[in-house]
Amino acid sequence: MKTMNEQSAKNPYSALTPEVVLDALDSIGLYGDGRLLTLNSYENRVYQAGMEDGPPLIAKFYRPARWSDEAIREEHDFLAQLFEREIPVVPALEIGGSTLHSFGGFRFAVFRRHGGRAPELDFQDARLWMGRFIGRIHAVGALSNYQHRPRLDLQSFGTQPVEYLLAGDFIPPELVEAYRSVADHALEEIRRSFDRAGEVKSIRLHGDCHLGNVLWTDDGPHFVDFDDSRMGPAIQDLWMLLSGERADQARQLGDLLEGYQDFHEFDPRELHLIEALRTLRLIHYSAWIAMRWDDPAFPSAFPWFGTQRYWQDRILELREQIALMEEPPLHV
C-alpha cells in the first residue's frame with residue numbers, strides 16, 4: 001500500500017470499461033467471448049472473462065500507482081517459486097515472456113480460475129493441514145528477501161496511518177482528541193510488544209492470510225490473493241486464523257503450529273506480537289478506507305465510514321486492544 005502521505009488518484013478506474021478489459025486481453029492473444037463477470041475486489045479490479053477457446057480466465061488490473069512494476073513482479077516470482085514446489089497457489093500466467101502486461105494505462109496479469117469452498121477450521125485435522133501448508137509457504141519465503149516490497153512494521157502500519165487519519169477530515173471533530181489519545185496509547189503498547197519479542201526474523205509472507213483468501217478443496221487449502229505480500233514476522237500469517245475466547249485461540253494456534261513446524265521452525269517470541277499485529281491491522285484498515293475515499297467504489301461500499309458511531313466503535317476497539325496487549329501472550 002502507498003505511504004500515507006500520498007493521495008490516491010480520484011476515480012482511478014473510470015477508463016476501465018468492459019471494452020477496455022476485453023481489448024487488453026486481446027492485446028496479449030487472449031480472445032474473450034464477451035462474457036465478463038466482475039469479482040469482489042476493492043483495491044484492484046478483477047474480472048472473470050469467458051474465452052473463445054478454453055475455460056474462463058481471471059484478469060487482475062492493478063490499482064494505478066500502488067505498486068511499482070518491480071514489486072508486482074516480485075509477487076509473481078514468489079508465486080512461481082511456490083507453485084514449482086507444488087504448494088497450492090495460483091501463479092500469474094506467463095504470456096509473451098512476461099507475467100505483467102499493460103494496456104490503456106493499466107497494468108494487468110492473468111490467472112487460471114480456481115474453485116473451492118470456504119475453509120472450516122473447527123476440526124483439528126483441518127488446522128494441522130492448514131499449518132503444514134503455511135509452514136511450506138514460509139520455508140520458501142525465508143529463502144530470499146523482497147527488495148521492492150515494503151516491510152510490515154510499526155511505522156507503515158501504525159504511525160503513518162494514525163497521522164493520515166488525524167490530518168484529514170475523516171473523524172468527527174468531537175472525537176478527534178479521544179481517537180488521538182487512544183491511538184497514541186495503542187502505538188506505545190505496540191512498541192512494547194515488539195520490544196518484548198526482540199529481534200524476530202522477517203520473511204516473505206502471504207501478508208493477508210485470512211479465511212477469505214483460502215479456498216478449500218478435497219486436496220486441502222488453496223491460497224489466493226498475494227497482493228499484500230510483504231516482509232514480516234511469520235505469526236502474521238497465522239493469527240488471522242484464530243477466533244473465539246483466549247483458550248480457544250490457544251488450542252487453535254497450538255494445532256496450526258504443530259503442523260507448521262513439520263516444515264518450518266517457529267520462533268515462540270513471536271507470540272508477543274499477535275495482539276500488536278491485530279491492532280496494527282485495525283488502525284491500518286481505517287486509514288486504507290480513508291486513502292481510497294475518492295474512489296467511487298468506497299463510499300458506496302463503506303457508507304458508515306466517517307459516522308460518529310463508526311469512530312466511537314474504533315476508539316472502544318483500540319481500548320480493548322490495549323488491554324489485550326498488556327496481558328501475557330498466548331501459551332501453546
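Here, each number is a calculation from the coordinates, and none is a lab measurement. Computed from a predicted model, the values in this text were never measured in an experiment. Note that we place each Cβ from the backbone using ideal geometry, even for glycine, and neighbour counts take in every protein chain shown.
When only the Cβ of Lys, Arg, Asp and Glu is charged (+1, +1, -1, -1), the dipole of region 100-152 relative to its Cα centre reaches about 260 debye.
The GluC sites (Glu not before Pro) of region 72-180 that DSSP puts in a loop, and whose beta carbon has at most 13 other beta carbons within 10 Å, are Glu86, Glu94, Glu120. With point charges of +1 on the Cβ of Lys and Arg and -1 on the Cβ of Asp and Glu, referenced to the Cα centre of the chain, which listed residue (Ala247, Val90, Pro119) lies farthest in the positive direction of the dipole? The one lying farthest along the dipole's positive direction is Val90. For the pair Leu175 and Thr38, the difference between a 0.36 nm per residue extended length and the Cα-Cα distance amounts to 45.6 nm. Cβ-Cβ distance of Ile95 and Ala65, R₀ of 22 Å, FRET efficiency by 1/(1 + (r/R0)^6): the value works out to about 0.40.
Just want to confirm a number: the relative contact order over the chain, from Cα pairs under 8 angstrom separated by 6+ residues, in percent. Over the chain, the number comes to 21 percent.
FRET efficiency for the pair Thr217 and Arg309, taken as 1/(1 + (r/R0)^6) with r the Cβ-Cβ distance and R0 = 56 Å, rounds to 0.90. For region 18-112, taking Cα atoms only, Rg and Dmax work out to 13.0, 37 Å respectively. Only helical runs count toward this figure. For the chain, summing -39,500 (n - 2.57) over DSSP H runs of n ≥ 4 and dividing by all residues gives -13000 deg cm²/dmol at 222 nm.
May I ask you to sort His272, His114 by Cβ crowding, counting other Cβ atoms within 10 Å and putting the fewest first? Walk me through the intermediate numbers first.
Values: His272 22, His114 13.
Arranged by neighbour count, lowest to highest, His272, His114 become His114, His272.
The stretch between Ile28 and Arg113, if pulled fully straight at 0.36 nm per residue, gains 28.8 nm over its current Cα-Cα span.
Let's test the formula: R0 of 22 Å, r as the Cβ-Cβ distance of Glu327 and Val200. What FRET efficiency results, to the nearest 0.05? Intermediate results must be reported in sequence, preceding the final value.
Working: r = 19 Å, r/R0 = 0.88.
The value I calculate is 0.70.
Computed about its Cα centre, the charge dipole of region 124-325 is approximately 280 debye, with only Lys, Arg, Asp and Glu carrying charge at their Cβ.
Panel note: the C-alpha atoms of the chain, placed on their principal axes, show extents of 58, 50, 34 Å (largest first).
Take each uninterrupted DSSP H stretch in the chain, measure its Cα extent along the helix axis, and return the ones at 24 Å or beyond whose mean Kyte-Doolittle hydropathy is at least -0.5.
124-141, 274-291
How would His101, His331 line up from fewest to most surrounding beta-carbon atoms within 10 angstrom? In increasing order of surrounding Cβ atoms, one gets His331, His101.
Each of Lys201, Lys60 was scored by other Cβ atoms within 10 Å of its Cβ. Listed from fewest to most, they are Lys201, Lys60. Our note on the geometry: Cα centres of region 30-70 and region 175-237, 27 Å apart.
Here the gap between Ser243 and Phe302, fully extended at 0.36 nm per residue and compared with their Cα-Cα distance, gives a gain of 18.8 nm. Checking every one of the chymotrypsin sites (Phe, Trp or Tyr not before Pro) in region 245-332 against DSSP loop status and a limit of 14 other Cβ atoms within 10 Å picks out Trp304.
Using the per-residue mean of other Cβ atoms lying within 10 Å as a proxy for protection, in what order, highest first, do the peptides 191-198, 237-244 fall?
Working: 191-198: 15.0, 237-244: 19.0.
Listed from highest to lowest mean packing, they are 237-244, 191-198.
A DSSP coil position with no more than 13 other Cβ atoms inside 10 Å describes the following chymotrypsin sites (Phe, Trp or Tyr not before Pro) in region 97-148: Phe123.
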